[in-house]
Amino acid sequence: MVVPAVERANFGAVASVCRDYPDCFPAYGIHPLYVDRARPEDLDALREILRREFAVAVGEIGLDRHHGNNGPRDDERQALYFTEQLKIAREFQLPVLLHVRKAIDPILAAVRQAKVCGGIAHAFNGSRQQAGEFIKLGFKLGFGGAMTYPGSTRIRELAATLPLASIVLETDAPDIPPVWKVGSRNTPADLLRIAETLAELRGLPLEVIAAATTENARAVLPRLTIS
Ligand SMILES: [Zn+2]
């Protein structure tokens, strides 16, 4: 399991969970929905923790241009922290975990410019063409809870037909509850049923899906040492 941080204040908690549970692997970053409380010195803190602690990626970082109930959104501030963190990922030669919401094309442009060494576009919800662009840049696409809803026709169609080598599984727990968890807490334990959903969509045995997505995760996050 990859456990990404969302802001400087939880870097320590992520580090300690991953120390206590050897199957958890940390990533550090400032999430776009947390940049309103971020300060420039948090970027120094990110560099520092990456120097000091083991990490499989920089994340979760990205852009979120959804008009939700998260208060006023500051696109410029999001873009600044995103670009700076892409530079840090490149400095440390780490892949990135991307939060991509209503901002796929600007994210693709920034990633291309920063020349990061790939990563994961998590909870992918774009077009086939945009999926192809990510794949060309060395990214895998994360599929999880959204894929379990019969009404998510575009996501299910992509999950069923994109090259299997480009797909990784995720829960995004506690967010994006799968269809069987509506109204209750989504947890990493739901990953098995998410894998079963992908197996059904692709008409493949569960073992094939499990082996392929594990291999894909290892390929894109080389520091992930799973047996
Ligand atoms: Zn996210």
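Computed from the coordinates by the stated procedures, all read-outs in this text should not be read as laboratory data. This one's a predicted model, so the numbers in the text were calculated from it and none came from an experiment. Don't worry about glycine lacking a Cβ; one is built from the backbone with ideal geometry, like all the others, and counts go over all protein chains shown.
Below are the figures for this structure:
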{"item": "Restricting region 210-224 to residues that are among the aliphatic types (A, V, I, L, M) and assigned to a helix (DSSP H, G or I), the residue that is farthest from Gly144 (Cα to Cα)", "result": "Ala219"}
{"item": "Pair list, Cβ < 6 Å and 6+ apart or interchain, from region 187-203 residues that are closer than 13 Å to Tyr149 by Cα to residues that are outside any helix (DSSP H, G or I) and among the aliphatic types (A, V, I, L, M)", "result": "Ile194/Leu169"}
{"item": "Residue match in region 207-215 (condition: within 16 Å of the ligand (Cβ to nearest atom), closer than 27 Å to Glu133 by Cα, surrounded by 12 or more Cβ atoms within 10 Å (Cβ to Cβ) and within 19 Å of the chain's Cα centre (by Cα))", "result": "no"}
{"item": "Which listed residue is away from the ligand (no atom under 16 Å from the Cβ) and buried (at least 19 other Cβ atoms within 10 Å of the Cβ), from Thr171, Thr197", "result": "Thr197"}
{"item": "Of the criteria (1) more than 16 Å from the ligand (Cβ to nearest atom); (2) under 14 Å from the mean Cα position of the chain (by Cα), which one Gly119 fails", "result": "(1)"}
{"item": "Unmet criterion (only one of (1) within 16 Å of the ligand (Cβ to nearest atom); (2) at negative phi) for Ile176", "result": "(2)"}
{"item": "Residue that is farthest from the ligand (Cβ to nearest atom), among those in region 122-146 that are of a type in the set (A, V, I, L, M, F, W, C) and in a helix (DSSP H, G or I)", "result": "Ile135"}
{"item": "Unique residue being under 23 Å from Leu63 (Cβ atoms) and out of contact with any strand residue (DSSP E or B) (no Cβ under 6 Å at 6 or more places or on another chain) when the list is Arg202, Arg154", "result": "Arg154"}
{"item": "Test: residue in region 38-51 that is more than 16 Å from the ligand (Cβ to nearest atom), surrounded by fewer than 15 Cβ atoms within 10 Å (Cβ to Cβ) and at positive phi", "result": "no"}
{"item": "Residues of region 1-10 classified as among the hydrophobic types (A, V, I, L, M, F, W, C) and within 13 Å of Tyr34 (Cα to Cα), total", "result": "3"}
{"item": "Residue pairs meeting the criteria (Cβ under 6 Å; at least 6 apart or on separate chains; first farther than 22 Å from Glu196 by Cβ, in region 131-144; second of a type outside the set (A, V, I, L, M) and not in a strand (DSSP E or B))", "result": "Ile135/Ser166; Gly138/Gly118; Phe139/Gly118"}
{"item": "Within region 70-107, considering residues that are in a loop (DSSP other than H, G, I, E, B) and within 16 Å of the ligand (Cβ to nearest atom), the one farthest from Leu137 (Cα to Cα)", "result": "Asn70"}
